[in-house]
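Data first, discussion second: the structure below is written as structure tokens.
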Amino acid sequence: MIQRNEVNLHKNWQKELANVVTCPERLLKMLGLSSKVDEKDLKARSLFPVRVPQPFIKKMRYGDINDPLLLQVMPRHQEFLAQTGYDKDPLKEQDNDQPGLLHKYRSRVLVMFKTGCAVNCRYCFRRHFPYQENQLNKRSLIEALAYIKADININEVILSGGDPLMAKDDAVSWFMDELEQLPQIKRLRIHSRLPVVIPARITDELCARFAASPLKVVFINHINHANEIDDDFKAAMQKLKVVGVTLLNQAVLLKDVNDTARAQIALSEALFDADILPYYLHLLDKVEGASHFDIPEQLAKQIMSDMLAALPGFLVPKLVREIGGEKSKTPIDLNLV
């Protein structure tokens, strides 16, 4: 792991956010990898900015250029490769009639609550998304609420982005106030990577607001490797658990990061130790610039088969692929007899 005196730790999540590392050379230097700087890799920052919070860097192995957490955020020259079948909008989201709101599923609507992220993951399926055209201010959020109110089939609202927890607690609380006035809404689902990269984001104020809500609050973490789970993150999850929040995780299968049964089994066990249940394991969304993270579907099936043999069923996530234009995620048939 990185030496603690190399990282300036802050308890305030907004200070942590202000001190994210945006320079890949600095990131490598912090990890004792200055000699590993490759100019071809560094050029890929022009395709997608580097952005890594320091608590996440602290979890990386010092001196290891192949650390599975580093590989998720470090630009690579392979991002310049133009591969057939990979495009800038793999989930067909960018031609959207209602900016900042996606209504693919009958009973659920997704609100891009905040369009920024604390960490830029190089495999992100929205790395080319036109966030500037989909930013929601208070007026557009009110319009989104009117859309939700008008459709009685919607019973669940998903806050996504970007990352919805880039918003301050009072903004989250205001939106919850509004949702709680809509009688058809039963659940609020929050998809966020912030707790695992800045655990301090789970504030007492946020937990108190969740505790006071009549809505069922479901929190979907995005964790790809067991090494992302440390004591600070576990403490943050305990704060959510105590107030009755349901804790789930979704991961992406990534070449050289977690593409073995051993890595996936370790992840499931580490998640359960943190009181989180595995939910989805995604095949890579075929976004332009991330083809080097992809693995063959047959390998994914073998990994799942090995997981089923090694883990109780409640620790085995569903293997899925998301196909642009489809009304739901597509489960991958393992062809097991």
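The values are calculated or read from the model by the stated rules, or taken from the named source; none is laboratory data. Only a predicted model underlies this, so the values are computations on that prediction, with no experimental measurement involved. FYI the Cβ positions are ideal-geometry reconstructions off the backbone, even for glycines, and counts take in every protein chain you see. Just so you know, the surface numbers come from the protein's heavy atoms only, side chains and all, with ligands and any DNA or RNA stripped out. Shrake-Rupley method; radii C 1.70, N 1.55, O 1.52, S 1.80 Å.
Odds and ends about this structure:
- Looking only at residues of the range 1-26 that are surrounded by fewer than 18 Cβ atoms within 10 Å (Cβ to Cβ) and hydrophobic (A, V, I, L, M, F, W, C), we find that the one that is modelled with the lowest pLDDT is 9.
- Residue that is within 30 Å of residue 49 (Cβ to Cβ) and over 19 Å from the mean Cα position of the chain (by Cα), where the choices are 274, 309, 300: 300
- In the range 204-221, the residues that are in contact (Cβ under 8 Å) with a residue 40 or more places away in the chain and open to solvent by 20 Å² or more (accessible area, probe 1.4 Å): 209
- Scanning the range 252-266 for residues that are closer than 16 Å to residue 308 by Cβ and under 15 Å from the mean Cα position of the chain (by Cα) turns up just one, 253.
- So residue 158, is it under 30 Å from residue 231 (Cα atoms) and touching a residue at least 40 places away in the same chain (Cβ under 8 Å): yes
- Any chance residue 37 is within 22 Å of residue 257 (Cβ to Cβ) and either free of Cβ contacts under 8 Å to residues at least 12 places away in the same chain or surrounded by fewer than 16 Cβ atoms within 10 Å (Cβ to Cβ) (or both): yes
Residue-by-condition table, conditions (1) surrounded by fewer than 18 Cβ atoms within 10 Å (Cβ to Cβ); (2) part of a loop (DSSP other than H, G, I, E, B); (3) under 21 Å from the mean Cα position of the chain (by Cα):
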| residue | (1), (2), (3) |
| --- | --- |
| 28 | no, no, no |
| 41 | yes, no, no |
| 50 | no, yes, yes |
| 75 | no, yes, yes |
| 82 | yes, yes, no |
| 85 | yes, yes, no |
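One line per residue, one yes/no per condition, for (1) in contact with a helix residue (DSSP H, G or I) (Cβ under 7 Å, 6 or more places away or on another chain); (2) in contact (Cβ under 8 Å) with a residue 60 or more places away in the chain:
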| position | (1), (2) |
| --- | --- |
| 224 | yes, yes |
| 228 | yes, yes |
| 232 | yes, yes |
| 236 | yes, no |
| 245 | yes, no |
| 255 | yes, no |
| 273 | no, no |
| 298 | no, no |
| 320 | no, no |
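- Where a residue in the range 161-183 is over 24 Å from residue 121 (Cα atoms) and its partner, wherever it lies, is modelled with pLDDT of 95 or more and among the small types (Gly, Ala, Ser), with Cβ under 8 Å and at least six apart: 176/213; 180/213
- Cβ-Cβ distances below 7 Å connect the following pairs, each with a first residue in the range 102-113 that is under 14 Å from residue 185 (Cβ atoms), a second residue that is open to solvent by 30 Å² or more (accessible area, probe 1.4 Å) and modelled with pLDDT of 95 or more, and a separation of six or more residues or different chains: 107/153; 107/155.
- Conditions (1) within 22 Å of residue 107 (Cβ to Cβ); (2) without any contact (Cβ under 8 Å) to a residue 24 or more places away in the chain; number of the one not met by residue 187: (2)
- Filtered residue count, the range 245-299, keeping only those that are open to solvent by 40 Å² or more (accessible area, probe 1.4 Å) and among the small types (Gly, Ala, Ser): 1
- The range 10-30 residues that are of a type in the set (S, T, N, Q), paired with ones that are surrounded by 19 or more Cβ atoms within 10 Å (Cβ to Cβ) and assigned to a helix (DSSP H, G or I) (beta carbon under 8 Å, 6 or more apart): 12/200; 19/54
- Number of the exception - residue 290 against (1) farther than 16 Å from residue 71 by Cβ; (2) touching a Lys or Arg at 6+ places or on another chain (Cβ under 7 Å): (1)
- Within the range 272-309, the set of residues being at pLDDT 95 or above, of a type in the set (A, V, I, L, M, F, W, C) and under 20 Å from residue 121 (Cα atoms) comprises 281, 283, 293, 295.
- The set of residues in the range 63-88 that are touching a strand residue (DSSP E or B) at 6+ places or on another chain (Cβ under 8 Å) and either among the aromatic types (Phe, Trp, Tyr) or free of Cβ contacts under 8 Å to residues at least 40 places away in the same chain (or both) contains only 86.
- Considering residues of the range 300-309 that are open to solvent by less than 60 Å² (accessible area, probe 1.4 Å) and either outside any helix (DSSP H, G or I) or out of contact with any Pro (no Cβ under 9 Å at 6 or more places or on another chain) (or both) only, the residue nearest to residue 76 (Cα to Cα): 300
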